[in-house]
Protein chains: 2
Amino acid sequence: MFGSDIVGRPLAEVDTPALVIDADAMERNIARMAEFFAGRHAGLRPHSKTHKSPVIAQKQLDAGAVGITCAKLGEAEALVEGGIRDILIANQIIGRQKIARLVGLARHADIAVAVDDPENAHQISDAAVAAGSSVRVLVEVNVGMDRCGVEPGAPALRLAEQIAQLPGLHFFGIQSYEGHLVMFKGHQAREERVREAIAPVIETRQLIESAGIPVTVITGGGTGTFDITSRIDGFDEIQAGSYVFMDASYGEVEGPGAVFEPALYLWSTIVSRPTAERAVADIGLKTATSDHGFPVLADFRDSTTISLSEEHAKLRLEGEARELRSGDKVRFQPGHVCTTVNLHDRYVVVRNDVVEAVWPVAGRGRSQ
Amino acid sequence: MFGSDIVGRPLAEVDTPALVIDADAMERNIARMAEFFAGRHAGLRPHSKTHKSPVIAQKQLDAGAVGITCAKLGEAEALVEGGIRDILIANQIIGRQKIARLVGLARHADIAVAVDDPENAHQISDAAVAAGSSVRVLVEVNVGMDRCGVEPGAPALRLAEQIAQLPGLHFFGIQSYEGHLVMFKGHQAREERVREAIAPVIETRQLIESAGIPVTVITGGGTGTFDITSRIDGFDEIQAGSYVFMDASYGEVEGPGAVFEPALYLWSTIVSRPTAERAVADIGLKTATSDHGFPVLADFRDSTTISLSEEHAKLRLEGEARELRSGDKVRFQPGHVCTTVNLHDRYVVVRNDVVEAVWPVAGRGRSQ
C-alpha cells in the first residue's frame with residue numbers, strides 16, 4: 001500500500017486499486033453548493049457519511065456550512081478528533097456504552113442527536129446529568145421512508161414535550177429525512193412529492209411551538225432535494241452529502257446532475273484482455289459497490305461494466321477503449337460514493353494529474 | 001470500538017455492530033471439510049478471501065489443508081506476516097510495483113500466481129531473476145466464467161510452453177475456477193455442468209504433459225462444488241472458502257448447505273421500534289452486504305429483512321420477534337460472508353456466549 005511518499009508523484013505512478021479525489025472538481029462542488037446557500041434562510045449541514053473525513057468537513061465549514069452531519073457516534077468521534085465542533089448525529093444512539101460515549105463527547109463539542117423513543121431520551125438525560133454535559137436532541141419524524149421516527153403531529157409533540165422537560169437535554173427541533181424521494185424521477189414530480197411529505201413536519205413545528213417549546217431547526221434533505229427542501233418555509237438545515245463527490249447514480253438525477261461534477265474515482269489497472277471486446281479491471285465488490293449500480297469507466301463512456309465480482313470488474317469495451325492493454329490504468333466513477341468510500345483506508349488527492357496529499361478516511365470502520 | 005479488554009466478558013455486553021465468530025461452529029466446519037478430504041487424492045487449499053485471517057488459515061492447515069489460496073498480493077503479504085508459508089494467489093499480478101513485491105515475497109514463502117498473458121510471464125521472470133527468487137506459475141484457463149484466463153487446449157499449451165522456458169519461474173499447473181457454476185441449482189445438474197466445464201481442462205493437462213511439461217496441479221473449485229471437482233480424475237486442489245463460515249446464500253445450495261453450519265454473525269442492536277411489525281437494526285450496507293441477498297435474523301427465521309440502507313436494516317417482525325424492544329441485541333446471518341468480512345476490522349470470537357479472543361481481519365484493506 002502506498003503511503004505519503006507518493007505525494008508529488010504523477011497519478012500514473014500510483015498503484016491500484018486506489019480511491020482518488022479530483023481536488024479541483026471537489027472544490028468546485030463545495031463552492032457551487034455554498035453559492036446556492038449564500039443569503040438563504042436555510043443553511044447547509046453537509047452529511048459526512050459520504051467522505052468520512054474531517055479535512056473535507058472543514059472545507060465545507062470554511063465555505064459557509066452551519067455544521068456537519070454524520071450517521072454514527074464513531075464518525076462523530078472521528079470528526080471531533082479532526083477538529084470539528086458542531087455535529088449532528090442523524091440517528092438514534094442506543095445502549096449504555098454508546099450513551100456514555102455520547103455525553104462524554106458532548107463535553108468537547110456541540111452534539112445533536114435524533115431520538116424517537118422517550119425511554120432513550122430519559123437514558124441520555126440521566127447520563128448527561130451524571131457527566132455534567134448537555135446534548136441537543138431532535139425528535140425524528142417519519143415522513144414516509146417508514147424507517148425510524150415517530151409520526152408527525154401528536155406523537156411528535158408528545159415526545160418533544162417529554163424531551164423539553166428532561167435535564168441535560170436541549171430540545172433542538174425535528175430531524176426528518178425524505179430518503180425515499182431523493183432520487184425520485186423528474187424534478188417537478190420530485191418537488192411535489194417532497195413538499196407533500198414535508199408539509200406535516202411544518203405543521204408539527206407549529207404544533208410544538210404553540211405548546212411553548214421553541215423549535216430551533218427542522219433538519220433533513222439530501223443532494224437530490226437540496227434545492228427543494230431549502231425553499232420550504234420553516235425548513236432550516238439541509239444535510240446533503242453526495243454532492244461533494246457526486247456519483248454515477250446521482251449524475252442521472254435532474255437537478256444535482258446538472259450542478260455538480262464527478263470528483264471521486266477508482267483508479268484501476270486492466271489485469272486481463274482475453275478477447276478484443278473483453279477486459280478485466282482490478283476493482284470489485286471489495287473496493288467498489290453495486291448497491292446503486294456498477295462503477296463505470298469514466299473516460300470511455302460507450303464501454304460497459306458487465307459484472308462486478310469480489311476482485312474483478314468485467315468490461316465490454318467499445319470504440320477506442322478496445323486499445324486498452326493489460327497494465328493500462330483507467331478511472332472508474334463509482335455507482336455510489338458513500339458505500340464505496342467506506343471500503344477504503346485513504347484518499348489519494350490529485351490536482352493536475354499530480355498527487356497533492358494522502359488523507360485517511362478517518363471515519364471508516366467507526367461503525368459503532 | 002472494543003479492544004481485547006472484552007475477552008472473558010459475555011457476548012451480551014459486546015457493543016454493536018460487531019462481527020462475531022461462533023468458534024465451535026467454525027471448528028466443526030473446518031473438521032468436516034478435513035474429514036471429507038482425508039484419504040483423497042485431491043487436497044484442500046482453502047481460499048482465505050473469506051476470512052482474511054492467518055489465525056484461521058493456520059487452523060485449516062493444521063486440519064490437513066495443503067496450502068492456502070488468496071485473491072490479492074496484499075492478502076498474501078498479510079498471510080506471510082501471519083506465518084503462512086504456502087500461498088497461491090489465484091489472480092494475475094500486473095505492473096512493475098506489484099511484481100517487485102511478488103518476487104520479494106517469494107524469497108520468504110512458497111508463492112504461486114496465475115498468469116494468462118505471456119508478457120506478464122516475462123515480466124515476472126525478469127523480476128524473479130533480478131531478485132534471486134523463484135515463483136510458481138499457473139496458467140489460468142477459462143472454463144466458461146468468461147472473466148480472465150486463456151482458452152483451454154492450444155492457447156493454454158502455448159502459454160505453458162513459454163512459462164516452462166522462462167528462468168525464475170516454475171511451471172506449476174492450471175488455475176481454473178468454475179465460479180459461474182458454484183451456486184447452480186440442483187446438485188445433479190450442477191455436477192453435470194461442472195464436469196462438462198472441467199473436461200477441457202483435463203484434456204489440456206494431457207496436452208501439456210504430452211509436450212513433456214509436468215503439470216503439478218489443476219487447482220480451482222469452491223464451496224458449492226468441492227464434492228464434485230474433488231472427485232474428477234486429474235483435479236488436484238480445491239479452493240473452497242465460504243465453508244468455514246457459511247452464509248445465507250450458500251445455505252440454500254444443496255450439498256454444502258447440508259454439511260456446513262453458520263459460524264459467522266453480525267451482532268446488532270435494535271435501535272427503533274416504530275410499529276408493532278417494524279423494527280430497525282444498526283447494521284446496514286456499511287457493515288453488511290446485499291450482493292448475495294440481505295442478512296437475515298438468525299434466531300427469528302419467520303421475520304424478514306425488508307431493506308438495507310447505509311446504516312439501517314429495516315425488519316418486518318413476525319411471531320415472538322415482535323417482543324423485541326429497542327436496545328435488544330440480535331444475531332444476523334450474513335447474505336455473503338466474503339464481502340461482509342471485508343467491511344470489518346476485527347472478529348469477536350465467542351464460545352458458549354463468552355468472548356474468547358479478538359482477532360484482526362488482517363487482510364482487510366490489503367486490496368493492492
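Observations on the model:
- Only alpha carbons enter this Debye calculation for the range B:252-299, each as an equal point scatterer, and the log10 of I(q)/I(0) it gives at q = 0.14, 0.28, 0.29, 0.30 Å⁻¹ is -0.49, -1.19, -1.22, -1.24.
- Bins of 10 Å, starting at 0 and running to the largest distance - Cα pair percent for the range B:42-103: 24, 54, 20, 3
- Range of Cα positions in chain B per principal axis (Å), largest first: 70, 44, 36
- Between the alpha-carbon centres of the range B:258-291 and the range B:121-172 there is a gap of 43 Å.
- Distances from A:I306 to itself in the other copies, using label points 7 Å out along the Cα-Cβ axis, amount to 3.8 nm in increasing order.
- HN-Hα J in Hz across the range A:268-280 - Karplus 6.51, -1.76, 1.60, θ = phi - 60°, x for Gly and Pro: 9, 10, 6, 10, 7, 10, x, 9, 4, 8, 9, 9, 10
- DSSP assigns beta bridges within the range A:233-368; of those with both partners inside it, close to 95 percent run antiparallel.
- Between identical copies, the spacing of B:E254 label points, each set 7 Å from Cα toward the C-beta atom, reads 5.1 nm from nearest to farthest.
- The alpha carbons of the range A:171-255 occupy a box of 45, 24, 18 Å along the principal axes, longest dimension given first.
- Beta bridges per DSSP, both residues in the protein assembly as shown: antiparallel share near 45 percent.
- Of the two radii for the range B:167-322, the radius of gyration is 1.16 times the Kirkwood radius, both from the alpha carbons; that is the Rg over Rh value.
- The trypsin sites (Lys or Arg not before Pro) of the range B:282-329 that meet both conditions, a loop assignment by DSSP and at most 11 other Cβ atoms within 10 Å of the site Cβ, are B:R325.
- Label-point gap, in nm, between A:D299 and A:Q206 - each point 7 angstrom along Cα→Cβ: 5.7
- Measuring max minus min along each principal axis, the C-alpha atoms of the range B:201-246 give extents of 42, 14, 11 Å (largest first).
- Convex hull volume of the range A:152-212 per residue (C-alpha atoms, cubic angstrom): 82
- Of interest is the spacing of the C-alpha centroids, which for the range A:315-368 and the range B:3-22 amounts to 33 Å.
- When the C-alpha to C-alpha distance is required to be over 19 Å, the pairs from A:K185/A:K314; B:K72/B:K286; A:K98/B:K314; B:K52/B:K314; A:K72/B:K329 that qualify are A:K185/A:K314; B:K72/B:K286; A:K98/B:K314; B:K52/B:K314.
- Note on the range B:21-178: semi-axes of the ellipsoid equivalent to its C-alpha gyration tensor, largest first and rounded to whole Å, are 28, 19, 13.
- Average projection area in nm² (convex hull over Cα atoms of the range B:115-233, one quarter of hull surface): 7.2
- Gyration tensor over alpha-carbon atoms, the protein assembly as shown, equivalent ellipsoid semi-axes in Å: 47, 29, 22
- The range A:67-158: mean projected area of Cα convex hull, nm²: 5.8
- Label 7 Å beyond Cα on the Cβ vector: A:V55 copy-to-copy distances, nm: 3.2
Coordinate-derived values only; no laboratory data. As the structure is a prediction and not an experimental result, all values here were calculated from the model. Because the Cβ atoms are built from the backbone with ideal geometry, glycine has one as well, and the counts that use them run over all protein chains shown.
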